[in-house]
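In what follows, a structure is listed as structure tokens, so that the remarks can point back to it.
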Amino acid sequence: MTDLQLSLIGLAGVFVAGVFTYNKIQEYKAKKSVERAFGTDHDDVLMRDPNAPNASSAPSYAQNPVPAAPVAPAPVRAAAPVTAPGLDPAVRQEPSFSLDEPVSDSPGVAGAEATASAAALGAVLSPVSPAGPALPPIPEFTIDPVAPGAPEPDEDELAARANAAAAAAAEQATALVDPLIDCLLPLALEAPLRGDKLLPVLQTLRMVGNKPLNYIGLAVSGDWEPIAYGGVYTRLQGGIQLASRSTALNELEYSELVTRLRAMSDEIGAEPEVPDMIEVMAEARNLHRFVASHDAQLGVNLHTNGAPWAINTLIGALEKQGFDLRPDGRYVMPDGDGGFLFSLSTNVTLAEETTSRLTLLLDVPCVAPARDGFGAMIACAKSLMGRLDATIVDDYNQPLSDAALAEIAKQVQDFYTEMNDADIPAGSTRAMRLFS
């Protein structure tokens with residue numbers, strides 16, 4: 001080997017030895033740093049032998065307490081550690097805090113920090129603070145027992161209320177879907193549905209031609225009721241009105257109904273039961289015949305005995321008589337429940353300034369017998385007759401005597417009897433739907 005090669009080998013050995021020495025020095029420094037950080041000056045309960053006695057674990061009591069840090073509102077006293085009789089004092093005890101004589105493991109800053117921490121903890125844990133405001137007591141909630149002499153609810157009264165509520169719900173449901181005047185359309189649901197989901201879909205099929213279509217639902221309570229938001233229904237029942245004042249349900253309308261009903265049922269997962277068209281058409285024609293035969297409107301006229309009445313003057317007289325002016329221009333006599341008993345027409349257009357004839361009209365099937373619509377109309381006519389200087393006449397301008405008016409009143413009563421016999425009382429919801 002040459003001198004150059006030997007020199008290079010020697011330099012390499014020196015370099016390796018230097019690196020090794022440097023690493024050892026760094027390892028020694030790191031070890032000392034760790035020992036200083038995790039030395040025995042601090043008591044670590046996780047590294048302590050649980051069976052070994054430790055003097056530092058016992059609470060110490062300072063003879064000269066350090067004043068509490070400002071963060072503590074008031075000093076609070078904690079109980080001293082309890083030692084059971086017969087136990088070795090050397091046995092480790094759980095530490096407790098003396099908050100009026102704070103623990104101080106070492107003087108200086110560490111003792112002050114320990115004092116502040118103990119005082120703050122005492123302020124939180126103490127049940128009583130002599131210097132601070134007392135916390136309000138926690139309220140106690142109790143259930144007052146029923147007084148011995150208090151009357152118990154009457155079972156008969158509760159049952160009567162329940163029956164009344166059920167009857168009201170059934171009546172309301174029948175007002176919407178009436179087996180007597182509607183073609184029933186049962187809808188079997190695949191699963192119970194909420195009214196929130198049903199109503200938007202049902203609104204898409206409310207009229208077929210001029211015939212209204214209504215729905216009710218079988219609630220989870222077992223009662224049929226109008227479908228409402230928040231309700232849950234297991235079955236539905238639709239009903240399309242068979243006849244109205246003008247026409248009966250016809251084949252074209254029924255075919256349209258079936259097509260639209262099936263499409264709507266698919267949206268809510270329902271299976272409709274569609275009645276036979278021939279039977280439905282027969283029922284519709286029979287009902288319309290009854291409606292047409294009882295579509296009665298009675299009118300009496302007031303004819304002036306002198307000059308025509310000025311419309312402006314007439315309006316004041318009618319308002320004093322109790323008439324209300326409707327948006328459509330009709331004058332009506334209110335019945336006190338939102339409806340009206342009869343109407344009045346001036347028989348002229350709005351552009352006219354005078355009229356010589358007034359007509360009072362009673363829609364007989366739409367006014368209940370108890371309201372005596374015909375009697376109220378005749379009484380009003382007689383009152384206006386004296387106020388306006390007029391005569392009560394028929395459609396041919398022939399005066400109507402009291403005897404003639406009494407005969408008409410008797411015919412009205414017979415008419416009411418016929419409607420009652422057909423289970424369509426005058427003024428009822430059923431009659432109002434048919435004759436509206």
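The values are calculated or read from the model by the stated rules, or taken from the named source; none is laboratory data. Note that the structure is predicted; figures quoted are calculated from it, not measured. Don't worry about glycine lacking a Cβ; one is built from the backbone with ideal geometry, like all the others, and counts go over all protein chains shown.
Data overview
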{"read-out": "Extreme residue, surrounded by the fewest Cβ atoms within 10 Å (Cβ to Cβ), among residues of segment 376-413 that are without any contact (Cβ under 8 Å) to a residue 12 or more places away in the chain and among the aliphatic types (A, V, I, L, M)", "value": "403"}
{"read-out": "Count of residues meeting criterion [assigned to a loop (DSSP other than H, G, I, E, B), out of contact with any helix residue (DSSP H, G or I) (no Cβ under 9 Å at 6 or more places or on another chain) and surrounded by 14 or more Cβ atoms within 10 Å (Cβ to Cβ)] in segment 342-361", "value": "1"}
{"read-out": "Residues (under 26 Å from residue 427 (Cα atoms), surrounded by 14 or more Cβ atoms within 10 Å (Cβ to Cβ) and modelled with pLDDT under 95) located in segment 300-319", "value": "318"}
{"read-out": "Residue check for residue 193: at pLDDT 95 or above and either over 30 Å from residue 248 (Cα atoms) or surrounded by 11 or more Cβ atoms within 10 Å (Cβ to Cβ) (or both)", "value": "yes"}
{"read-out": "Condition met for residue 296 (in contact with an Asp or Glu (Cβ under 9 Å, 6 or more places away or on another chain) and within 28 Å of residue 431 (Cβ to Cβ))", "value": "yes"}
{"read-out": "Index of the failed condition, residue 260 passing every other in (1) over 16 Å from residue 213 (Cα atoms); (2) touching a residue at least 40 places away in the same chain (Cβ under 8 Å); (3) basic (Lys, Arg)", "value": "(1)"}
{"read-out": "Qualifying residue in segment 250-264 (condition: among the aromatic types (Phe, Trp, Tyr), assigned to a strand (DSSP E or B) and not assigned by TED's automatic domain parsing to the domain that holds residue 424)", "value": "no"}
{"read-out": "Residue that is farthest from residue 181 (Cα to Cα) [pool: residues in segment 228-246 that are in contact with a Gly (Cβ under 7 Å, 6 or more places away or on another chain) and buried (at least 20 other Cβ atoms within 10 Å of the Cβ)]", "value": "233"}
{"read-out": "Top-ranked residue of segment 169-185 - restricted to ones that are outside any loop (DSSP other than H, G, I, E, B) and surrounded by 15 or more Cβ atoms within 10 Å (Cβ to Cβ), ranked as modelled with the lowest pLDDT", "value": "169"}
{"read-out": "Answer from 329, 373, 322, 339 - the residue that is under 18 Å from residue 298 (Cα atoms), in the same structural domain as residue 428 (by TED's automatic domain parsing) and surrounded by fewer than 16 Cβ atoms within 10 Å (Cβ to Cβ)", "value": "339"}
